[in-house]
Amino acid sequence: MQVIVTKSYDESCQVVAQMFCELIRQKPDCKLGLATGGTPVPMYKKLIEANKAGEVDFSRVRTVNLDEYCGIPATHPQSYRYFMDENLFDHVNIDKANTYVANGLGDAAANAAALEQKVREGGAADLQLLGIGNNGHIAFNEAGDALVAEAHIEQLTESTINANARFFASREEVPTSAITMGMADILAAKKIVLMANGPAKADAIRGLIGDGRITTQNPSTLLKLHPDVVVVIEEELAKAAGWQG
Ligand code: PGA
């Protein structure tokens, strides 16, 4: 695992955006695994700027998103389809037919099977973007006694519902379940880049980069099984997580 410690969150976003731009230039029809949440928003802004400046062309890029809330339609401003359109897809020259965000409404088993198929279609993702939950979750694979390999429906933990309440008018409006890629789906990507910032992530990041232990109580630690993972954090978080370098 490679850990990149930057001077600031903005620099972290620059580093990650650069990784995406380089990949897209090398492989214009690459398959990207994308993530939502607060963390990647400024990084997506940098991709939009690069696209507008003619530095990167999304016209042949394919994307699959990690997860989607259950129980809200794609038109809901907090749905992850809406998020991706608003924060990236509507502002770059991507063909939306080549973008996939799971359906959170209707037959859960069929939706999970459809997500699983998209993960496999055309081979593994060339680059998978991840954030990390305060409890170490990646996508919506929540900390607990067991994890699930394939795409599935996950009940959200109190920690996650509390963390995501900031995006909703009230805590009661936060969906309590989500459809998510499973751990094997994430680990199947050829390369993984995880971004985190802010002190709330310190415990989760300590578990990820502090030692060699793997535990389902911090799902991000399973990334230690993958040969090509890059973790990008700013120095304040690195310090809070006890990173010695
Ligand atoms: P955040 O979420 O980027 O909004 O902190 C990350 C996550 O829960 O994976």
Worksheet, complete the sentence: The condition from (1) at pLDDT below 95; (2) exposed (fewer than 15 other Cβ atoms within 10 Å of the Cβ) that residue 159 misses is numbered (2)
Response to the item:
Of the conditions (1) within 13 Å of the ligand (Cβ to nearest atom); (2) surrounded by fewer than 22 Cβ atoms within 10 Å (Cβ to Cβ), the single one that residue 201 does not satisfy is (2)
Fill in: Matching entry among 61, 15, 56, 3 (being at pLDDT 95 or above, surrounded by 14 or more Cβ atoms within 10 Å (Cβ to Cβ) and touching a Ser or Thr at 6+ places or on another chain (Cβ under 7 Å))
15
Worksheet item: Do we find a residue being buried (at least 20 other Cβ atoms within 10 Å of the Cβ), away from the ligand (no atom under 15 Å from the Cβ) and not charged (D, E, K, R) anywhere in the stretch 125-144?
Response: yes
Discussion item. On the basis of being within 16 Å of the ligand (Cβ to nearest atom), over 30 Å from residue 207 (Cβ atoms) and surrounded by fewer than 20 Cβ atoms within 10 Å (Cβ to Cβ), does residue 77 make the cut?
Written reply: yes
Worksheet item: Quick one: what pairs do we get from the stretch 44-58, first residue free of Cβ contacts under 8 Å to residues at least 60 places away in the same chain, second of a type in the set (A, V, I, L, M) and part of a helix (DSSP H, G or I), C-beta under 8 Å, 6+ apart or different chains?
Response: 46/17; 47/17; 50/17; 56/24; 56/47; 56/50; 57/24; 58/24
Practice prompt. State which residue pairs qualify: first residue without any contact (Cβ under 8 Å) to a residue 60 or more places away in the chain and inside the stretch 199-227, second residue part of a loop (DSSP other than H, G, I, E, B) and within 14 Å of the ligand (Cβ to nearest atom) in any location, beta carbons under 9 Å apart, and separation of 6 or more residues or different chains.
Written response: 215/136; 215/143
Worksheet item: Which residues, taken from the stretch 93-119, are without any contact (Cβ under 8 Å) to a residue 24 or more places away in the chain and farther than 15 Å from residue 68 by Cα?
Response: 96, 97, 117
Worksheet item: Can you name the condition, by its number, that residue 162 falls short on among (1) more than 30 Å from residue 28 (Cβ to Cβ); (2) more than 12 Å from the ligand (Cβ to nearest atom); (3) without any contact (Cβ under 8 Å) to a residue 12 or more places away in the chain?
Response: (2)
Worksheet item: From the set of residues in the stretch 30-53 that are within 17 Å of the chain's Cα centre (by Cα) and among the polar types (S, T, N, Q), which is surrounded by the most Cβ atoms within 10 Å (Cβ to Cβ)?
Response: 36
Discussion item. For residue 27, only one of the following conditions fails: (1) under 15 Å from residue 98 (Cβ atoms); (2) in contact (Cβ under 8 Å) with a residue 60 or more places away in the chain; (3) buried (at least 18 other Cβ atoms within 10 Å of the Cβ). What is its number?
Written reply: (3)
Practice prompt. Collect the residues in the stretch 165-198 that are among the β-branched types (Val, Ile, Thr), more than 12 Å from the ligand (Cβ to nearest atom) and within 28 Å of residue 235 (Cβ to Cβ), keeping them in residue-number order.
Written response: 192, 193
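The values are calculated or read from the model by the stated rules, or taken from the named source; none is laboratory data. All of these numbers come straight from a predicted model, not from anything done at the bench. Please note: Cβ atoms are built from the backbone with ideal geometry, for glycine as well, and neighbour counts cover all protein chains shown.
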